[in-house]
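Asks: Handing you this structure, nothing more for now.
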Amino acid sequence: AFLNGYLEEDIFMEQSRDFESSNVNQVCKLKRSIYGLKQVSRSWNICFDNEIKEFGFIRNPDELCIYKKVSKSAQSFLIL
């Protein structure tokens, strides 16, 4: 799930030792979040929040891990 988040800031990482390249001093610029980054869970949460709101869910302002959707005959709760 964490691999679906996009990064808002520029993050660079050194290439792996096993990566074969003629340019030894190159670095990689990350376009998407990967495991091990401090920003990964926040990035995923923002992406999830935006997507779930498109389905009509509303985030609870007091408890941010609870979403609610009200339809004509039912109420649905999504709890992370």
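The values are calculated or read from the model by the stated rules, or taken from the named source; none is laboratory data. Please read these numbers as outputs of a predicted model, since none were measured by experiment. As a convention, Cβ positions derive from the backbone with ideal geometry for all residues, glycine included, and neighbour counts pool all protein chains shown. Accessible surface is based on the protein model in full, side chains and every heavy atom, while ligands, DNA and RNA are left aside. Shrake-Rupley method; radii C 1.70, N 1.55, O 1.52, S 1.80 Å.
Asks: Residue 7 label point, 7 Å along Cα→Cβ, cut-off 13 Å on backbone N: hits in the range 23-65?
Replies: The answer is 27-41, 43.
Asks: With every protein chain kept in the model, how would you rank 6, 67 by accessible area, 1.4 Å probe, largest at the top?
Replies: Result, largest first: 6, 67.
Asks: Quick one: which residues, 5+ away or cross-chain, put their amide H under 5 Å from the amide H of residue 11? H built at 1.01 Å from N.
Replies: The list, which skips near neighbours in sequence, is 30.
Asks: For the chain: lysine pairs with Cα atoms under 26 Å, gap of 8 or more or different chains, count?
Replies: 6
Asks: Another question, then. How far, in degrees from 0 to 90, does helix 40-53 lean away from the longest principal axis of the Cα atoms of the chain, to the nearest 10?
Replies: 40
Asks: May I ask you to compute the full-extension gain from residue 42 to residue 77, defined as 0.36 nm times their residue separation minus their alpha-carbon distance, rounded to one decimal in nm?
Replies: That pair, residue 42 and residue 77, stretches by 10.4 nm at full extension.
Asks: What does the accessible area per residue of the chain come to in Å², with a 1.4 Å probe and no ligands, DNA or RNA counted?
Replies: 85
Asks: Which percent of the accessible area of the chain is formed by carbon and sulfur heavy atoms (probe 1.4 angstrom)?
Replies: 53
Asks: Something else now. Can you match Cα Rg over 2.2 N^0.38 Å to one of these, (i) 1.20; (ii) 1.59; (iii) 1.01, based on a calculation from the structure here?
Replies: (ii)
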